[in-house]
Amino acid sequence: MPSPRDHDTLASIGESAVLLRIFPRLPGSAAGLLGPGDDAAVVAAPDGRFVVTTDMMVHGPDFRLAWSTPHDLGWKAAASNLSDIAAMGAVPTALVVAIAAPADSPVTLLEGIADGLRDACAALAPGCGVVGGDLSVSPTLTIAVTAFGDLEARQPILRSGARVGDIVAVAGVLGEAAAALSLLFREAVDPLGHPDARLAAALRPRTAPQLAPTPPISAGRIAALAGATAMLDLSDGLAIDSARLARASGLGIDFDLAALRAQGADPALALGGGEDHSLLATFPADTAVPAPFRRIGVCVAGEGLTVDGEPHDSAGWDPYRDWSGSAG
């Protein structure tokens, strides 16, 4: 049965009351020495260094409210940032979250986002939590997360460390998020092409890889301990992201088509689809590739990408080029 609190909006109860409802829902950080409530948080850095990254999700280019639940938004905002920390070989320790939302947004929207942040941290990076953030008003719902990580006395795994002959391997899915997004645009829209929440809900079992991805966060530390020479997060697509690693390392990458097919996705989607947030890593040729990584190629002399020796373009997701301008 609906509660009167369900009808509260951000404007009707104000920032202080909103925060009082959100704070109890947020996950605590095992590294947090001082959490929300003061002007800044205090987070332990046992290594003497910390890894930091930030990412935004904006209504329109990054998500559609008709398709994503508030819980999805919090989960995905956490997952995408946790994956960037993992790609450095670090262990996520803390998040800072800033949200700008329309004043007439229901408070339950922010509560749902908080629940998604909490559940993603618990499932993907136990011990990581939210130590602070900010709320503001905007006509466009925007979620900005800054994530911190602990290198545990190891050197960070950079994009520039791959060597000719290194094994190229992936942990996580390939192409599943892109396949889910294509399904949403094809079957979760009304006759005018606008996102339809009812149709999207019916597709939920097939669209979770896009709406609430589950990247292998723990694999970042595994790769680092196994001697990975380079690594990155696959946020824009295997082709474009691997080309970034190849350029940084001054070499080329040749993918094995049969290995890509073995991932279970259409090779075109595996190469061109974004937002899987899987981890791509390179390992010395004489290294046993650690689970959950699977070999999909090799680093070669030269530049650019090839598939079974044939040139392949490095196209992928570009928000400046690919956004239609629609929100929904």
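Just so it is clear, none of the values below were taken in a lab; they were calculated from the coordinates. Since this is a predicted model, take the numbers as computed values, not measurements. Cβ sites come from the backbone with ideal geometry, for glycine too, and all protein chains shown count toward neighbours.
With both partners inside the chain, how many of the DSSP beta bridges are antiparallel, as a percent to the nearest 5?
Values: 42 of 56 bridges.
Percentage antiparallel, nearest 5: 75.
In sequence order, what are the phi-derived ³J(HN,Hα) couplings for the stretch 246-263 according to the Karplus relation 6.51 cos²θ - 1.76 cosθ + 1.60 with θ = phi - 60°, rounded to whole Hz, with x for glycine and proline?
4, 5, 4, 8, x, 8, x, 10, 10, 8, 8, 4, 4, 5, 5, 5, 5, 6
Can you list the residues, at least 5 places off or on another chain, whose amide H is less than 5 Å from the amide H of T9, using H built in the peptide plane?
The answer is V107.
Using only the Cα atoms of the stretch 39-85, construct the convex hull and provide its projected area averaged over every direction, in square nanometres to one decimal. It would help to have the intermediate numbers written out before the result.
On the way: hull surface 19.0 nm².
Projected over every direction and averaged, the Cα hull of the stretch 39-85 covers 4.7 nm².
Taking the Cα-to-Cβ direction at A262 and at L225 and moving 7 Å from each Cα, how far apart do the two end points lie in nm?
It works out to 2.4 nm between the two label points.
Using only alpha carbon pairs under 8 Å that are at least six residues apart, calculate the relative contact order of the chain and give it in whole percent. Please report the intermediate quantities before stating the final value.
On the way: 784 pairs, mean separation 74.6, N = 328.
Contact order relative to length: 23 percent.
From the C-alpha coordinates alone, can you work out the Kirkwood hydrodynamic radius of the stretch 1-87, in Å? Intermediate results must be reported in sequence, preceding the final value.
Details: mean 1/r = 0.0622 Å⁻¹.
Computed over Cα pairs of the stretch 1-87, the Kirkwood hydrodynamic radius comes out at 16.1 Å.
At 1.002 mPa s and 20 °C, plugging the Kirkwood radius over alpha-carbon pairs of the chain into Stokes-Einstein gives what diffusion coefficient in µm²/s? Display every interim value, and only then the final one.
Details: Rh = 20.5 Å.
It comes out at roughly 104 µm²/s.
Given a Förster radius of 41 Å and the C-beta distance between F23 and D286 as r, what FRET efficiency does 1/(1 + (r/R0)^6) yield to the nearest 0.05? Write down the numbers at each step before the final one.
Working: r = 50 Å, r/R0 = 1.23.
So, using R0 = 41 Å, E works out to roughly 0.20.
With r as the distance between the Cβ atoms of M56 and D308 and R0 = 25 Å, compute the FRET efficiency 1/(1 + (r/R0)^6) and round to 0.05.
Numbers: r = 37 Å, r/R0 = 1.49.
It comes out at approximately 0.10.
At a Förster distance of 25 Å, what's the computed FRET efficiency of I13 paired with D39, Cβ-Cβ distance as r, to 0.05?
Working: r = 23 Å, r/R0 = 0.91.
Here the calculated transfer efficiency is 0.65.
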